[in-house]
1. Quick one: length gained pulling Arg169 to Arg187 fully straight, 0.36 nm per residue minus the C-alpha distance?
2. In debye to the nearest 20, how big a dipole does region 173-236 give about its Cα centre with +1 on each Lys and Arg Cβ and -1 on each Asp and Glu Cβ?
3. By how many nm would the segment from Tyr75 to Leu55 grow when fully extended, if each residue of separation counts as 0.36 nm and the alpha-carbon distance is taken off?
4. Taking the simple approach of a point 7 Å from Cα along Cα-to-Cβ for both Leu41 and Gln152, what is their distance in nm?
5. In nm, give the distance between the simple-model label positions of Leu33 and Ser227, each being 7 Å from the Cα along the Cα-to-Cβ direction.
6. If each of Val235 and Lys89 carries a label point 7 Å out from its Cα toward its Cβ, how far apart are those two points in nm?
7. Let me make sure I get this right: for region 36-103, a, b and c are the square roots of the gyration tensor eigenvalues over alpha carbons, sorted descending. Under 1.5 in a/c it's rounded, otherwise prolate if a/b > b/c, else oblate. Which is it?
8. With all protein chains present, how much of the accessible area of region 32-191 (probe radius 1.4 Å) comes from carbon and sulfur, to the nearest whole percent?
Amino acid sequence: MVPLAVALAFLPLLLTLLLRCRHYLLLLLRAVLLPWLRDRLGGTSREQRAFRYLLAHAVPGDPRHILSTFDQWSYRREHLSCVGPDKGKLVERLLRERAPRAVLELGTYCGYGAVLMAAALPPGARLYTVEPDPRHAAVAEKVIRLAGFDEQKVELIVGPSAEVIPRLRERHGLPKADFVFMDHGKRCYLRDLQLLEEHGLLAEGATVLADNVVFPGAPRFLRYAKSCGRYRCRVHRASLEYCRAIPDAGTEEGPRESPKRRRAAVRAGAWAGRVAPGAAST
């Protein structure tokens, strides 16, 4: 009777924990368990299944329709770890404000972010996107070309970011990046930011945008960006892609300004993550 009484005493606590964690459990089911089971039973990956869905439902050459079809798949079928439509609006807004000429994406995955950014770039700008997994890169290549972007607009580079970054200038012709979007392995964020600094690949006034810094999280990257003294760091609160009940955030890093310029920016209402022209290089 005593063990039963103890179990009954803990039952309300267990039910409370399940209730509070229900969204994370649902994410585990949709993002991990069900796709794993379908991979084993069907012999194809979820990324390949998503691309087949695109071929059946999306309009070729229409980036907006490609993205909305991806969103339909992720909401109704299987979860994909793309930036998604909500945080995607932030990426688009920053790209239009900055009008960068050279953009670097770390973590192509299935090509969602590459299509979104390529569509928002000004004429003549180029996107370099890096994907370590050849299987994901094969899907991303098809998605990017299906959206209507050729290799002059979007160059897909396959390989680990730690190996690709040091040779971006010599092998791929990227002198400096005006805008960097990080959406790959969260443990790689800090290492790759420091590699970009070490190899002089961040242009003066460059913006670095990092996704998922709250969930799954990139605490070492956040600490460095906030404390190293090189950047102004702004956290954009959001929800996890395709799961609005789970909080997440992206960070925006720009060069730190002098106190005089900073006061002027605050008075002008431009402190909200904007990078002032002529700010000191990182």
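1. Values: separation 18, 0.36 × 18 = 6.48 nm, distance 2.39 nm.
Going from the current span to full extension adds 4.1 nm.
2. On the way: 10 positive and 7 negative charges, 74 e Å.
Roughly 360 debye, rounded to the nearest 20.
3. Details: separation 20, 0.36 × 20 = 7.20 nm, distance 1.76 nm.
Additional length available on full extension: 5.4 nm.
4. 4.7 nm
5. 3.8 nm
6. Roughly 2.2 nm, to one decimal.
7. Details: a/c = 2.55, a/b = 2.04, b/c = 1.25.
Judged from the Cα gyration tensor, region 36-103 comes out prolate (a/c at least 1.5, a/b above b/c).
8. Working: 3860 of 7080 Å².
Taking all protein chains in place, region 32-191 shows 54 percent carbon and sulfur surface.
The values are calculated or read from the model by the stated rules, or taken from the named source; none is laboratory data. These figures come from a predicted structure and were not determined experimentally. Quick reminder, even Gly has a Cβ in these numbers, built from the backbone with ideal geometry, and neighbours come from all protein chains shown. Side chains included, ligands, DNA and RNA excluded: accessible areas come from the protein's heavy atoms. Shrake-Rupley method; radii C 1.70, N 1.55, O 1.52, S 1.80 Å.
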